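Nothing in this text is a laboratory measurement; each read-out follows from the coordinates by a stated rule. Computed from a predicted model, the values in this text were never measured in an experiment. In this analysis, Cβ positions are derived from the backbone assuming ideal geometry, glycine residues included, and neighbour counts consider all displayed protein chains.
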Amino acid sequence: MVNILFSAHDDRWEVYKTALPEALAEAGIENVTLSRDLPPADVDYIVFAPNGPVKNFSPYTRCKAVLSLWAGVETVVGNQTLTQPLCRMVDDGLKQGMVEWVTGHVLRHHLGMDRHILGQNGEWRPEAPPLAKDRPITILGIGELGLACADALRALNFPVRGWSRSEKTHPGIDCFHGEDGLTKALTGAQGVVLLLPATPATENILNDRTLACLAPGAFILNPGRGPLIDDAALLAALDIGQVGHATLDVFRVEPLPAEHPYWAHPQVTVTPHIASETRPDTSSQVVAENIRRGEAGEPFLFVVDRGAGY
């Protein structure tokens, strides 16, 4: 018998209580107990989200792995009671959703759609946008999601630069790393996409200094994590035109407070943390595969590096 504790928000249980058993059966895992209420000493795996009830992992002495339903693990990775392997969520649904959101908003700003959608005032303004090949885009964070977005933008002929903390290579992308590489990756960029994890090393990575590296009027997309941006620095850059527009999906405090200046700023678009959602059908397959691996004694997928924080 494999005992799986589901620890996530109540509304998630309603969909996963069907999707997860189906995925487990497809993976050949039988004799399963999936529940929101199991004795800690009997639990083999915890399917986890930070908004669920489990905060102290110490009683789960038999647990082989904690399997996150979220891509971001910054709210749990520092939990001193969590000694079991922690696996983040990387699945096709999450990836496809992010690619669609990023590509859509890049094209919106590249084509200047707002001028025509919001600015129909009777004035004829035949201002054609540049071609994609003339608009360099920088992606900060070239993990699974960042590389998928980079490939989609490259397919549209945007020149893409990628930056990561450690050295990486990827076909068709100019890859940079480290502090010096960050300046090079941002210099002259006309668009920036933030897809880094939230760690002490990435907090406020967009600040007065780094925003000044961009081409005047550049656009910012942040579907990654709120703390990646120094909010005061971004607002100042927007006010002087150094940044032309910011489309922000994530924030330091969520929901974004009604009095926050982002709501009223004419050059800011707020979306309510919808850039990419974990889909139960695809994420259940990832969870099931990791449980299969655990039962077979194979290495888990997407194990979090506690030192790096992701």
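Could you tally up the Lys pairs in the chain with alpha carbons closer than 21 Å? Skip any pair fewer than 8 positions apart unless they're on separate chains.
Number of lysine pairs found: 5.
Please give me the summed charge of the neighbours of PRO21: other residues whose Cβ is under 13 Å from its Cβ, Lys and Arg +1, Asp and Glu -1.
Residues close to PRO21 contribute a combined charge of -3.
Thinking of segment 25-88 as a set of Cα atoms, what percent of all their pairs are more than 18 Å apart?
Across segment 25-88, Cα pairs with separations above 18 Å total 34 percent.
All other residues with a Cβ under 12 Å from the Cβ of PRO261 taken together, and with Lys, Arg as +1 and Asp, Glu as -1, what is their net charge?
Once positives and negatives cancel, what remains is -3.
Report the local net charge at ASP44: Lys and Arg +1, Asp and Glu -1, summed over other residues whose C-beta lies under 11 Å from its C-beta.
Value of the local net charge: 0.
Based solely on C-alpha atoms, express the radius of gyration and the Dmax of segment 90-238 in angstrom.
Just the Cα atoms of segment 90-238 yield Rg and Dmax of 15.4, 51 Å.
Where nothing but the Cβ of Lys and Arg (+1) and of Asp and Glu (-1) is charged, how large is the charge dipole of the chain around its Cα centre, in debye to the nearest 20?
The dipole magnitude comes to about 460 debye.
By its C-alpha gyration tensor, with a ≥ b ≥ c as the square roots of the eigenvalues, how is segment 161-290 shaped: rounded for a/c under 1.5, else prolate for a/b larger than b/c, else oblate?
The shape class here is oblate.
Among LEU248, PRO223, THR138, which residue has its Cα positioned farthest towards the positive end of the charge dipole of segment 92-270, with +1 placed on the Cβ of Lys and Arg, -1 on the Cβ of Asp and Glu, and the dipole taken about the Cα centre?
Going by the Cα projections, it comes out as THR138.
So what's the back-of-envelope 222 nm ellipticity for the chain, counting only DSSP H runs of four-plus at -39500 (n - 2.57) apiece and dividing by all residues, rounded to 500? If you can, show how the numbers build up before the last one.
Numbers: 9 runs with 98 residues, N = 310.
Here the helix-only value at 222 nm equals -9500 deg cm²/dmol.
Quick one: among PRO280, PRO59, PRO85, which has the greatest mean-square fluctuation in a GNM of the chain with alpha-carbon springs under 10 angstrom?
With Cα springs under 10 Å in the chain, the top fluctuation among PRO280, PRO59, PRO85 is at PRO59.
Could you list TYR45, TYR310 in order of exposure, starting from the residue whose Cβ has the fewest other Cβ atoms within 10 Å?
Exposure proxy ranking, most exposed first: TYR310, TYR45.
Along Cα→Cβ, 7 Å out, is where each label goes; now give me the distance between the ones at THR169 and ASN31 in nm to one decimal.
Calculated label separation equals 4.8 nm.
Determine the percent antiparallel among the DSSP beta bridges restricted to segment 1-160, to the nearest 5.
Numbers: 0 of 15 bridges.
Close to 0 percent.
Does segment 1-113 come out rounded, prolate or oblate, given a ≥ b ≥ c as the square roots of the eigenvalues of its C-alpha gyration tensor, rounded meaning a/c under 1.5 and, failing that, prolate meaning a/b above b/c?
Note, shape of segment 1-113 comes out prolate.
For segment 143-208, run through the GluC sites (Glu not before Pro) and keep only the ones in DSSP coil with at most 16 other Cβ atoms within 10 Å of their Cβ. Write down the numbers at each step before the final one.
Details: sites: GLU144, GLU167, GLU179, GLU203; in loops: GLU167, GLU203.
When the GluC sites (Glu not before Pro) of segment 143-208 are filtered for loop state and at most 16 Cβ neighbours within 10 Å, GLU167, GLU203 remain.
Neighbouring Cβ atoms within 10 Å as the yardstick, rank ARG154, ARG165 fewest first.
ARG154, ARG165
With only alpha-carbon atoms in the gyration tensor, what are the semi-axes of the equivalent ellipsoid for the chain, in Å, largest first?
Over the Cα atoms of the chain, the ellipsoid semi-axes are 39, 20, 19 Å.
Quick one: if the Förster radius is 51 Å, what FRET efficiency do GLU22 and ASN121 give, using the C-beta to C-beta distance and rounding to 0.05?
0.45
I'd like to verify something in the chain: which complete DSSP H helices, judged by Cα projection on the helix axis, reach 27 Å or more and average at least -1.0 on the Kyte-Doolittle scale?
92-111
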